[in-house]
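The structure under discussion appears below in the form of structure tokens.
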Amino acid sequence: MCGIFGVFHFDPQRQVNGGDLRRMGAALHHRGPDDQGYFTDGNLGLGHKRLSIIDLSELGRQPMSSPGGNLSITYNGEIYNYLEEREQLERAGCAFRSRTDTEVLLALFERQGPACLTRLEGMFAFAVWDRQQRRLFLARDPFGIKPLYYRLDAKGLVFASEVKAILALDAAPACLDQAALAEYLTFQYTLGEETLFQGIRKLLPGHWLTVDQDGRTQVQRYWQPNFAKRDIAQEQAAGELLDLLRDSVRLQLRSDVPLGCHLSGGIDTAAITGLASQLVAGPVQTFTAGFAEGGIYDDTAFAGITAAQAGTRHAQVFPTAADFADSFERLIWFLDEPVAAPGVFPQYCVSRLASQRVKVVLGGQGADEIFGGYARYYLLYLEAALRQGINGPSTRLGLELADLLPNLEQLRNYRPLMASFWAEGLFGDPADRYLRLILRRAELQGLLAPDWQSGTTQAQLEERYRDLFNAPGEVELLDKVLHFELTAWLPALLQVEDRTSMAWSLESRVPFLSTRLADFAFSLPAAVKFSGGRLKYILRRAVEGLVPPQILQRRDKLGFPVPLSSWFAGPLRDWVHDLLLSRRSLERGLFRPEALRAALTQDSAFDRGLWGMLCLETWCRLFVDGKALPVMSPAPAMEGGAG
């Protein structure tokens, strides 16, 4: 796991300045504190900050060049099947100097070009410079586990693992993209390649990009989910799923440094931990976070059940309100962009805990998006099945109303979501109904002052959403939902996964996000994945006996809630007021004054409006206000400690 960056001037007489590359690298030191390297070829420069995981020797130093010197690569990630690919290359006569996956990737690219991407099982973002063709090639993994940003204009292209490195090149403040901000306030993420930084884009997951000396560019998608359905019995599906998941964990356990697992109180991390414990010698180290406020804010007891069954060496941390205040500015800096929910804070804290003991950690991210694990899926299907029973088929569901009834009692856990979903009636186009479930517009309505609002209308934003939701090729309703979430929602979650781990120089791996596993999951009909109306039914069936029954039978699992309501009303009240009511905040005029007053005087439970204002104000201070962008280290030690 590393940080990559580079500069490509289209003017062949304009040489890349080594000082520019070093400034970019300094902004990414947290991503690769073990080593650094630079490569220049006239108007092209590549840089690399290394976090050593595979082959810790100097032979793994990057940027790395091919034996003939024509190709040079800077690469971030892990190719988990590199040993299998290396063996095939050696049989074809290829010789290797190192034991790195980087050298295997470079050899594959030299022989196959972009076609090699479909052979890779892993997470990656990389750039390859072709000296002879004077062409730069960029690629990103199918799910967007690893980030890759770029700025392209008439003068050239600049790329990096994080936006802050691109900004560091010019030592200039960012400009806010108001259209992207409108998307963020509507969905709490952007739907496409745009970012909140004007002129800076992200290469989309499963895409590659080439740019030539004359500025000609080409962007192409090389992987997308295949929803063609299999006729398969549940028992067979469960068996195949477990085999695929076990193999994914096996491959992702490859490491030359200590390795552990994130462990929450849910099924996804429990399954990964259980499999890892079977596949390694000695106890696996596991890590979780909770809050002393207890109740829904503390899942450590359930995590402990899994840890006990798997025989792990378990550690936990209990962050405090003081930790939140001490960490918040740094957290926004590491994230690059504001994020949807405060669960990012405990994720940041547990990554710190893990980094003190291991260098690689496996987690459960992605299972909900490929197997259907969110409560909103059940509500959408229940309404669609009721409508079908009354009006006849309008959308292929793959399930009948009777299939959903066995788990109707789970609605007790969804009352706030139901109240919002059905507040204005029942039925309607499935795309419109699902939009109702994910919109954040009501929570953030009227947040911005008029001068900061874009000309993008709500109708235009919703049309962008519908284009993604109604993408051709998906037949069942669940497939449409999962395609949208895989394309738009999951990359936003993976941004958090990447930044909260890399802030502490920790590599995070996500075994559920294997293309083989995802293709298998998407091939399953809704009646298999969602049998009896039970969320992630087929995954539960597959890991019976591996995951403790108390975890399999849970109906109250939430995400990663944070007790911000009590903190903001108590120990952090002055901190919140000082941040949002400061002269700096008021003179910027980002928020409507009445919205500020309402957020700071409301006595109800924590709402996203206040969270959004805190994130945006801090983001503007760090990236927009005109000062040189700071280079930050992670937060001081958490007061909660580890047990």
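The values are calculated or read from the model by the stated rules, or taken from the named source; none is laboratory data. Remember, it's a predicted structure, so these values are computed and weren't measured experimentally. Because the Cβ atoms are built from the backbone with ideal geometry, glycine has one as well, and the counts that use them run over all protein chains shown.
Across the stretch 123-137, not a single residue is classified as in contact with a helix residue (DSSP H, G or I) (Cβ under 8 Å, 6 or more places away or on another chain), among the charged types (D, E, K, R) and either at pLDDT 95 or above or at positive phi (or both). Would you confirm, using the coordinates I've provided, whether Phe512 is at pLDDT 90 or above, part of a helix (DSSP H, G or I) and either more than 21 Å from the chain's Cα centre (by Cα) or within 30 Å of Ala385 (Cα to Cα) (or both)? Judged against the criteria, Phe512 is not a match.
This table checks each residue for (1) at pLDDT 80 or above; (2) basic (Lys, Arg); (3) exposed (fewer than 15 other Cβ atoms within 10 Å of the Cβ); (4) more than 27 Å from Tyr297 (Cα to Cα).
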{"residue": "Arg597", "(1), (2), (3), (4)": "yes, yes, yes, yes"}
{"residue": "Leu600", "(1), (2), (3), (4)": "yes, no, no, no"}
{"residue": "Cys615", "(1), (2), (3), (4)": "yes, no, no, no"}
{"residue": "Gly626", "(1), (2), (3), (4)": "no, no, yes, yes"}
{"residue": "Val631", "(1), (2), (3), (4)": "no, no, yes, yes"}
{"residue": "Ala637", "(1), (2), (3), (4)": "no, no, yes, no"}
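Answer yes if at least one residue in the stretch 239-260 is at pLDDT below 95 and under 29 Å from Ala527 (Cα atoms), and no otherwise. No - not one qualifying residue is present in the stretch 239-260. For Arg555, the test of being more than 30 Å from Arg415 (Cβ to Cβ) and either touching a residue at least 12 places away in the same chain (Cβ under 8 Å) or in the same structural domain as Gln36 (by TED's automatic domain parsing) (or both) is failed. Any residue that is in a loop (DSSP other than H, G, I, E, B), under 17 Å from Gly42 (Cβ atoms) and over 19 Å from the mean Cα position of the chain (by Cα) - is there at least one of those in the stretch 161-175? No, the stretch 161-175 has no match at all.
Matching residues to (1) more than 22 Å from Pro258 (Cβ to Cβ); (2) under 25 Å from the mean Cα position of the chain (by Cα); (3) surrounded by fewer than 17 Cβ atoms within 10 Å (Cβ to Cβ); (4) among the hydrophobic types (A, V, I, L, M, F, W, C):
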site: Gly47; (1), (2), (3), (4): yes, yes, no, no
site: Arg50; (1), (2), (3), (4): no, yes, no, no
site: Leu56; (1), (2), (3), (4): no, no, yes, yes
site: Leu59; (1), (2), (3), (4): no, no, yes, yes
site: Pro67; (1), (2), (3), (4): yes, no, yes, no
site: Phe109; (1), (2), (3), (4): yes, no, no, yes
site: Val128; (1), (2), (3), (4): yes, yes, no, yes
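If you go through the stretch 509-560 and keep only what is basic (Lys, Arg) and under 26 Å from Leu251 (Cβ atoms), you end up with Arg509, Arg516, Lys529, Lys536, Arg540, Arg541. Looking only at the stretch 387-394, decide whether some residue is touching a helix residue (DSSP H, G or I) at 6+ places or on another chain (Cβ under 6 Å) and either modelled with pLDDT of 75 or more or surrounded by fewer than 17 Cβ atoms within 10 Å (Cβ to Cβ) (or both). Yes, the stretch 387-394 contains at least one residue that is touching a helix residue (DSSP H, G or I) at 6+ places or on another chain (Cβ under 6 Å) and either modelled with pLDDT of 75 or more or surrounded by fewer than 17 Cβ atoms within 10 Å (Cβ to Cβ) (or both).
Here Gly265 meets the list (1) in contact with a Cys (Cβ under 9 Å, 6 or more places away or on another chain); (2) crowded, with 23+ Cβ neighbours inside 10 Å almost entirely, failing just condition (1). Looking across the stretch 176-218, the residues that are charged (D, E, K, R) and either touching a residue at least 40 places away in the same chain (Cβ under 8 Å) or part of a strand (DSSP E or B) (or both) come down to Glu183, Glu194, Arg201, Lys202, Asp212, Asp214. What residue, among those in the stretch 190-217 that are under 26 Å from Arg466 (Cβ atoms) and among the basic types (Lys, Arg), is surrounded by the most Cβ atoms within 10 Å (Cβ to Cβ)? If we take residues in the stretch 190-217 being under 26 Å from Arg466 (Cβ atoms) and among the basic types (Lys, Arg), then Lys202 is surrounded by the most Cβ atoms within 10 Å (Cβ to Cβ).
Out of Arg140, Arg119, one residue alone is more than 25 Å from Ser501 (Cα to Cα) and assigned by TED's automatic domain parsing to the domain that holds Leu46. It is Arg119. Restricting attention to the stretch 122-160 and to residues that are part of a strand (DSSP E or B) and of a type in the set (Asp, Glu), the residue that is nearest to Val249 (Cα to Cα) turns out to be Asp130. Quick one: which of Arg516, Arg464 is surrounded by fewer than 19 Cβ atoms within 10 Å (Cβ to Cβ), more than 22 Å from Ile79 (Cα to Cα) and basic (Lys, Arg)? It is Arg464.
Return the only residue of Asp479, Asp432 being in a helix (DSSP H, G or I) and surrounded by fewer than 19 Cβ atoms within 10 Å (Cβ to Cβ).
Working: Asp479 fails: surrounded by fewer than 19 Cβ atoms within 10 Å (Cβ to Cβ).
None of the other options fit; the residue is Asp432.
Listed here are the residues, each with its yes/no results for (1) assigned by TED's automatic domain parsing to the domain that holds Ala174; (2) closer than 30 Å to Ile200 by Cβ; (3) among the polar types (S, T, N, Q); (4) in a helix (DSSP H, G or I).
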residue: Ala301; (1), (2), (3), (4): no, no, no, yes
residue: His314; (1), (2), (3), (4): no, no, no, no
residue: Glu329; (1), (2), (3), (4): no, yes, no, yes
residue: Ala340; (1), (2), (3), (4): no, yes, no, no
residue: Phe345; (1), (2), (3), (4): no, yes, no, yes
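Residues of the stretch 158-179 that are in contact with a Ser or Thr (Cβ under 8 Å, 6 or more places away or on another chain), surrounded by fewer than 22 Cβ atoms within 10 Å (Cβ to Cβ) and among the aliphatic types (A, V, I, L, M): Ala179 alone. The conditions of being among the aliphatic types (A, V, I, L, M), at pLDDT below 95, outside any loop (DSSP other than H, G, I, E, B) and assigned by TED's automatic domain parsing to the domain that holds Met123 are not met by Leu89. Of all residues in the stretch 354-367, those that are surrounded by 24 or more Cβ atoms within 10 Å (Cβ to Cβ) and either of a type in the set (A, V, I, L, M) or part of a helix (DSSP H, G or I) (or both) total 5.
Ala115 meets each of the listed conditions (1) farther than 23 Å from Ala340 by Cβ; (2) surrounded by 20 or more Cβ atoms within 10 Å (Cβ to Cβ) apart from (2).
Taking (1) modelled with pLDDT under 95; (2) closer than 23 Å to Lys359 by Cβ in turn, Gln285 satisfies each apart from (1).
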